[in-house]
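The next block holds one structure in the form of C-alpha cells; read it before the comments.
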Amino acid sequence: MITYRFFRHYVDMVEGSVNAAVMLSFAMDKQVNLRMDEGLGGFGYWKFTQDDWFKATGLSRRELETCRAILKRTEFWHEKLMGLPAVLRYRVDLDALSDAEKEVK
C-alpha cells in the first residue's frame, strides 16, 4: 500500500484540479525522498510508469494525461524522455514549488 500526504492548497496551484493536486502531492513526496538520497545519480528525475501512477493515485490513463497537461503549464513540473528506449521521467523543482506555494497561501 502506498501512502502519502495530500496538500489541499495544491488544488489552487493547478487550475483547481483535485486530480492534478493528487498527482503533485505524490510526486512531491517522491521528489523529497530522491533529494535526500540523490537518486538517479543526482539528476533528480525519476521513472514512474502509467501502471505505477494508477497504483499510487487511482488515476486512469486519461486522467493522468489531463493532469500532466495541467502540471506542465507550471514552473515546478518537469518531464523528460531519457534513455534508450526512451522512458518518460519526472522531476518536481522543489524551490519553484515553494515559490508557487507562497503565492497561494
- Within the stretch 14-57, restricting attention to residues that are on the phi > 0 side of the Ramachandran plot and modelled with pLDDT of 95 or more, which residue is most open to solvent (accessible area, probe 1.4 Å)? 15
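For the stretch 90-105, name all the residues that are hydrophobic (A, V, I, L, M, F, W, C) and either in contact (Cβ under 8 Å) with a residue 40 or more places away in the chain or in contact with a Pro (Cβ under 6 Å, 6 or more places away or on another chain) (or both). Talk me through it step by step, then tell me what you get.
Within the stretch 90-105, the subset hydrophobic (A, V, I, L, M, F, W, C) is 92, 94, 96-97, 100, 104.
Within the stretch 90-105, 92, 94, 97, 100, 104 meet the criteria.
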- Take the residues in the stretch 63-87 that are over 13 Å from residue 23 (Cα atoms) and among the basic types (Lys, Arg), then tell me which one is least open to solvent (accessible area, probe 1.4 Å). 80
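Just name the residue that is modelled with the lowest pLDDT out of those in the stretch 1-13 that are open to solvent by less than 80 Å² (accessible area, probe 1.4 Å) and touching a Ser or Thr at 6+ places or on another chain (Cβ under 9 Å).
First, the residues of the stretch 1-13 that are open to solvent by less than 80 Å² (accessible area, probe 1.4 Å): 4, 7, 9-11, 13.
From what's left, touching a Ser or Thr at 6+ places or on another chain (Cβ under 9 Å): 4, 7, 10-11, 13.
Details: 4: 77, 7: 91, 10: 96, 11: 97, 13: 96.
Checked the stretch 1-13; the qualifying residue modelled with the lowest pLDDT is 4.
The values are calculated or read from the model by the stated rules, or taken from the named source; none is laboratory data. Computed from a predicted model, the values in this text were never measured in an experiment. When we count neighbours, we look across all protein chains shown, and the Cβ atoms used for this are built from the backbone with ideal geometry, even at glycine. Accessible surface areas use protein heavy atoms only, side chains included; no ligands, DNA or RNA. Shrake-Rupley method; radii C 1.70, N 1.55, O 1.52, S 1.80 Å.
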